[in-house]
Amino acid sequence: MVLKFYPSTFVRGGSAIVALALAEKQVPYEHVLVKMDAKEHKTPEYMAKHPFGQVPMIDDDGFIVYESRAICRYIAEKYRDQGPDLLPTGLKERALVEQAAAVEYATFHPAVIAIAKEAVYKPRRGLPIDQAVLDEAVKELSAKLDVYEVILSKHRFLGGDEFSLADLCHYAYGPLLADYGLDIMTSKGPNVTRWWKELMSRPTWVKLKEEGYKGTVN
């Protein structure tokens, strides 16, 4: 049975990183669109699989996994022999990747979300932007990226010299900044700029942005 992938409509957030993990690991899947505006994620049938009624989710021949980072780890482990090794097996190498992934979740992700709340989501709802709050959020992310600059001066990617899960997780909301005219990721130091431009030009990401969640099995 082919893996079923339940994403949201748009290529962003947790759905984006799961789709990217599937693409990187060359995993065929059936795309099952969840129409959030129609509350399909809150139906009894859906919540029987995902008790929090959210996306994304995968159904791998009856085995259900939700929470995007958990799904990505599952994909990376199950399909280890396909595509890039997103989770190295060496003890020290794995520790560095997990360390960088934890930094993304605990520091980068909250900082980007704070910016998005003011610069992206408020305008969508017709609410005014609080410039002081936005400036403080940008300052916070900038401080995190200063540390990234130091880390990336030592190796090509955040967890070492190979692309890994730690880098992949940054696709969840990092690209959203540029989409809304916030040139933050490429206005810092040369190493952060180099790293981010490489992520944004990665073929799997470019294709995903262009084609969306098309799936690979009809």
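Remarks
- Scanning the range 5-27 turns up no residue that is closer than 19 Å to Lys214 by Cβ and more than 18 Å from the chain's Cα centre (by Cα).
- Search result, residues across the range 8-33 that are in a loop (DSSP other than H, G, I, E, B) and not hydroxyl-bearing (Ser, Thr, Tyr): Phe10, Val11, Arg12, Lys25, Gln26, Val27, Pro28, Val32, Leu33
- Among the residues of the range 55-69, none qualifies, meaning not one is surrounded by 19 or more Cβ atoms within 10 Å (Cβ to Cβ), of a type in the set (Gly, Ala, Ser) and either more than 20 Å from His31 (Cβ to Cβ) or assigned by TED's automatic domain parsing to the domain that holds Gly160 (or both).
- Annotation note: Cβ proximity below 7 Å between a residue of the range 2-22 that is modelled with pLDDT under 95 and a residue that is acidic (Asp, Glu) and not in a helix (DSSP H, G or I) (sequence gap 6+ or interchain) occurs for Val2/Glu30.
- Residue match in the range 134-155 (condition: within 24 Å of Gly14 (Cα to Cα) and touching a Gly at 6+ places or on another chain (Cβ under 6 Å)): no
Here's the yes/no breakdown for (1) out of contact with any Lys or Arg (no Cβ under 7 Å at 6 or more places or on another chain); (2) modelled with pLDDT under 95; (3) aromatic (Phe, Trp, Tyr):
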position: Gln54; (1), (2), (3): yes, no, no
position: Phe63; (1), (2), (3): yes, no, yes
position: Tyr74; (1), (2), (3): yes, no, yes
position: Leu87; (1), (2), (3): no, no, no
position: Glu93; (1), (2), (3): yes, no, no
position: Val103; (1), (2), (3): yes, no, no
position: Ala114; (1), (2), (3): yes, yes, no
position: Lys139; (1), (2), (3): yes, yes, no
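- Residues of the range 72-98 classified as surrounded by fewer than 16 Cβ atoms within 10 Å (Cβ to Cβ) and closer than 26 Å to Ala178 by Cα, total: 0
- Selected residue (only one of Leu177, Leu168 is within 14 Å of Pro84 (Cβ to Cβ), surrounded by 13 or more Cβ atoms within 10 Å (Cβ to Cβ), in contact with an Asp or Glu (Cβ under 9 Å, 6 or more places away or on another chain) and aliphatic (A, V, I, L, M)): Leu168
- Restricted to the range 34-116, the set of helices (runs of 4 or more DSSP H) holding at least 1 residues that are among the acidic types (Asp, Glu) and out of contact with any Ser or Thr (no Cβ under 8 Å at 6 or more places or on another chain) comprises 44-47, 68-78, 91-103.
- Within this structure, Ala38 fails the test of being modelled with pLDDT of 95 or more and of a type outside the set (Phe, Trp, Tyr).
The values are calculated or read from the model by the stated rules, or taken from the named source; none is laboratory data. Treat the numbers as computed from the prediction; the structure is a model and nothing was measured. Ideal geometry is used to build each Cβ from the backbone, glycine not excepted, and the neighbour counts take in all protein chains shown.
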